[in-house]
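Taking it in order: structure first as structure tokens, then the write-up.
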Amino acid sequence: MPIKLQIVTAERLIFEGDVDEVNVPGQEGDMGILPKHAPLMTTLRPGEIVVVTDKQPQFFAVSGGFLEVRPERVIILADSAERADEIDIARAQEAMERAKANMSDKTGGGLDAAAAEAALARALTRVKVANKRRKNN
Ligand code: ATP
């Protein structure tokens, strides 16, 4: 029996479908969810989501959010997420450079440094996931 999976953000539905397996970057480490997994709610860190259907993987970048496993469905409520093939690598590289510049700018307060670090993690994840897709397709 497949898993009914939804990947959503506050703005849009990114993926909806029946899948055999979903792997997510949990805050405590990577997690694989198979059918009949026990109910669970956990937070996600920036990283890659891999959705497997009929042995075919699909890759997504996620910047953080929540995973909820319910008996009837699995929901990923992401802060932001993109399908690997919709990631604009040049944009992510620019975001990386901007974040690095902001991190080395010592005039900002601690909050700015934390925001720059988070932006860097989002951008690095996008570049990594987009490159992985190219190798696999
Ligand atoms: P940027 O500084 O380039 O806007 P960001 O990390 O600040 O990057 P977010 O606030 O995380 O961007 O996301 C805003 C929206 O733009 C989301 O819908 C996200 O999916 C999308 N997005 C961000 N970066 C990219 C990218 N490199 N390729 C495709 N979509 C992206």
Carbon plus sulfur fraction of accessible area for the chain, probe 1.4 Å, in percent: 51 percent
Positive dipole terminus of the chain, leading residue within 74, 60, 42 (C-beta point charges): 60
Coil-residue trypsin sites (Lys or Arg not before Pro) of the range 1-108, DSSP, other Cβ within 10 Å capped at 13: 12, 36, 55, 73, 106
Helix axis angle, 110-136 relative to the chain longest principal axis, alpha carbon, degrees: 50 degrees
Average accessible surface area per residue within the chain, 1.4 Å rolling probe, Å²: 60 Å²
Solvent-accessible ranking of 8, 51, largest area first, probe 1.4 Å: 8, 51
For residue 41, solvent-accessible area (1.4 Å; no DNA, RNA or ligand), Å²: 120 Å²
Protein-only accessible surface order, largest first, of 104, 63 at 1.4 Å: 104, 63
Shape call, the chain: gyration tensor on alpha carbons, a/c limit 1.5: prolate
Loop GluC sites (Glu not before Pro), the range 51-88 (other Cβ atoms within 10 Å of the site Cβ: 15 or fewer; DSSP): 72
Global form of the range 3-84, assessed from the alpha-carbon gyration tensor, a/c cut-off 1.5: rounded
Cleavage-rule hits (GluC sites (Glu not before Pro)) in the range 1-39: DSSP loop, at most 10 neighbouring Cβ within 10 angstrom: 11, 28
Surrounding net charge for residue 17, when Lys and Arg each add one and Asp and Glu each subtract one, Cβ distance under 12 Å: -2
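The values are calculated or read from the model by the stated rules, or taken from the named source; none is laboratory data. Remember, it's a predicted structure, so these values are computed and weren't measured experimentally. Please note: Cβ atoms are built from the backbone with ideal geometry, for glycine as well, and neighbour counts cover all protein chains shown. These area figures cover heavy atoms from the full protein model, side chains too; ligands, DNA and RNA do not enter into them. Shrake-Rupley method; radii C 1.70, N 1.55, O 1.52, S 1.80 Å.
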